[in-house]
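Each reported figure results from applying straightforward, stated rules to the coordinates on display, with no laboratory input. Treat the numbers as computed from the prediction; the structure is a model and nothing was measured. Positions of Cβ are generated from backbone atoms using ideal geometry, with glycine treated the same way; all protein chains shown enter the neighbour counts.
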Amino acid sequence: MSPVTSAFLPGMARPALSQPAMAALVADFAAELRSRPSPIDQPSDCRSWHRLHAGRDVDVWLLTWMRGPEAELHDHGDSREHFRVVAGQLTEVRASRAGGTTWQTLSAGQSRSVPVRAVHDVFNDHVEPAISIHAFSPPMSRMTFYERTAGRLRVTGHQWARRAEC
Ligand SMILES: [Fe+2]
């Protein structure tokens, strides 16, 4: 695994990786996973989380997704997310603060960066299980959840250090 250089980003109180460094880190974990393939751990719930790396400036998680409905629109507080599909397909919904949405289907090898405070949701709406790797930098400490009401986003709640719920 190649070394990743940590950097402070302007305006951020906690150390965080740059977006290119996060992309490189996730790509390294994906390559390592592909080099030693193992059967997909099929979770009994719609997704399972397994932490691959816990650092002061970044956490990396392996997620396994069964077919399931959309979860909840959310942001990651002051953390940026970068994720990459390793197997299967995932759908991402990105919501604007005005309530509009864009949808994108990601196949194995494709990745997305989710800026600080961007609102999105990810789910597997295909029969085949999916695997993805997600980095959060700085490590995620809070999520805010939303629903779309009358075409706008409305906050439904917050959760600190949420991990694995659908
Ligand atoms: Fe997310």
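Starting from the Cα gyration tensor of the stretch 55-166, take the square roots of the eigenvalues, sort them a ≥ b ≥ c, and report rounded, prolate or oblate (rounded when a/c is under 1.5, otherwise prolate if a/b is larger than b/c, else oblate). Oblate. Normalising the average separation of contacting C-alpha pairs (under 8 angstrom, six or more residues apart) by the number of residues puts the relative contact order of the stretch 55-166 at 38 percent. Amide H of ALA87 versus every other amide H placed in the peptide plane: which residues, excluding those fewer than 5 positions away on the same chain, fall under 5 Å? Amide H neighbours of ALA87, under 5 Å, 5+ apart: ILE131. Restricting the stretch 29-130 to trypsin sites (Lys or Arg not before Pro) that sit in a DSSP loop and have at most 15 other Cβ atoms within 10 Å of their own Cβ leaves ARG56, ARG67, ARG97, ARG117. Between ARG51 and ASP125, the contour length at 0.36 nm per residue exceeds the alpha carbon distance by 24.3 nm.
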